[in-house]
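Chemist: Questions regarding the structure given below will be posed in turn.
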Amino acid sequence: MARTTALNKIEDAILTGKRYIVVDGGTGAGKTYDIMTEIVGYCESFPNIIFTVVGKSHKHLERGCIRDLKSVMNETARWNQSRWNETKSIYTFSNGSILEFISADDMDAHGPKRDGLYVNEANSMKWSVFDQLATRTRDIVIVDFNPSYKFWAHEELLEGRFKERTEHVTLTYKDNEALSEEEIRNIEDHKP
């Protein structure tokens, strides 16, 4: 697993101790992979915690966050298939910590509490749902999105009432040294 500038920036943001970590970045920035790397470390460091990853749909989670979880853990020889509940999309670590994946369209935002929350592609979620999820999260809340337009993450977290409790990270493909030359060429060829 390559240690990238993107991973360092996300880790530094988490180490500030701020409640909200907002990560924006476009294609190839590595934000989802690197956030999942940090979440795995968090779950392994703190026993018996619950970390919830929320995406817009289960299919979206399978093709993104869950795939990245498996890659991160396989690349470091930590994946244990017997700890993965495919039906419930829950990975249980040896220290009792739980990493669960829930689609926004299948969940009740008024549900149980958790220690950590990661909202992937947050611009696809309504503020009211996010607010309920965040209210029921004890510790860290991570939000990511592609920077295509302004929405509640800007209005509430970056510029609004939670500004002092929010750390902002902006990434580009240039922060992801794990990209191949071909991947970089493809990104640059399709820039507007």
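The values are calculated or read from the model by the stated rules, or taken from the named source; none is laboratory data. From a predicted model like this one, the values you see are computed outputs, not experimental measurements. Here Cβ is always computed from backbone atoms with ideal geometry, including for glycine, and neighbour counts include all displayed protein chains. Heads up: the accessible areas ignore ligands, DNA and RNA and are worked out on the full protein's heavy atoms, side chains in. Shrake-Rupley method; radii C 1.70, N 1.55, O 1.52, S 1.80 Å.
Chemist: With the requirement that a residue be in contact (Cβ under 8 Å) with a residue 60 or more places away in the chain, open to solvent by 10 Å² or more (accessible area, probe 1.4 Å) and part of a helix (DSSP H, G or I), what does region 13-25 give you?
Modeler: Correct list: 14 only.
Chemist: State the number of residues belonging to region 124-155 that are more than 19 Å from residue 40 (Cβ to Cβ), modelled with pLDDT of 95 or more and in contact with a Phe, Trp or Tyr (Cβ under 6 Å, 6 or more places away or on another chain).
Modeler: 1
Chemist: Scan region 31-74 for residues that are closer than 16 Å to residue 123 by Cβ, open to solvent by 30 Å² or more (accessible area, probe 1.4 Å) and either within 14 Å of the chain's Cα centre (by Cα) or of a type in the set (Lys, Arg) (or both) and jot them down.
Modeler: If the condition is that a residue be closer than 16 Å to residue 123 by Cβ, open to solvent by 30 Å² or more (accessible area, probe 1.4 Å) and either within 14 Å of the chain's Cα centre (by Cα) or of a type in the set (Lys, Arg) (or both), then 56, 60 are the ones that fit.
Chemist: Now a separate question. Can you spot a residue in region 80-87 that is among the basic types (Lys, Arg), touching an Asp or Glu at 6+ places or on another chain (Cβ under 9 Å) and modelled with pLDDT of 95 or more?
Modeler: No, that holds for no residue.
Chemist: If you don't mind, another one. Kindly indicate which of 60, 110 is at pLDDT below 95, touching a strand residue (DSSP E or B) at 6+ places or on another chain (Cβ under 8 Å) and at negative phi. Let's see the steps before the verdict.
Modeler: On the way: 110 fails: touching a strand residue (DSSP E or B) at 6+ places or on another chain (Cβ under 8 Å).
Answer to the selection: 60.
Chemist: Quick check, is residue 35 in a helix (DSSP H, G or I) and either of a type in the set (A, V, I, L, M, F, W, C) or in contact with a Pro (Cβ under 7 Å, 6 or more places away or on another chain) (or both)?
Modeler: Answer is yes for this residue.
Chemist: Now for a different question. Would you be able to say whether some residue in region 3-10 is in contact (Cβ under 8 Å) with a residue 40 or more places away in the chain, out of contact with any Gly (no Cβ under 6 Å at 6 or more places or on another chain) and open to solvent by 60 Å² or more (accessible area, probe 1.4 Å)?
Modeler: So far as region 3-10 goes, yes, one or more of its residues are in contact (Cβ under 8 Å) with a residue 40 or more places away in the chain, out of contact with any Gly (no Cβ under 6 Å at 6 or more places or on another chain) and open to solvent by 60 Å² or more (accessible area, probe 1.4 Å).
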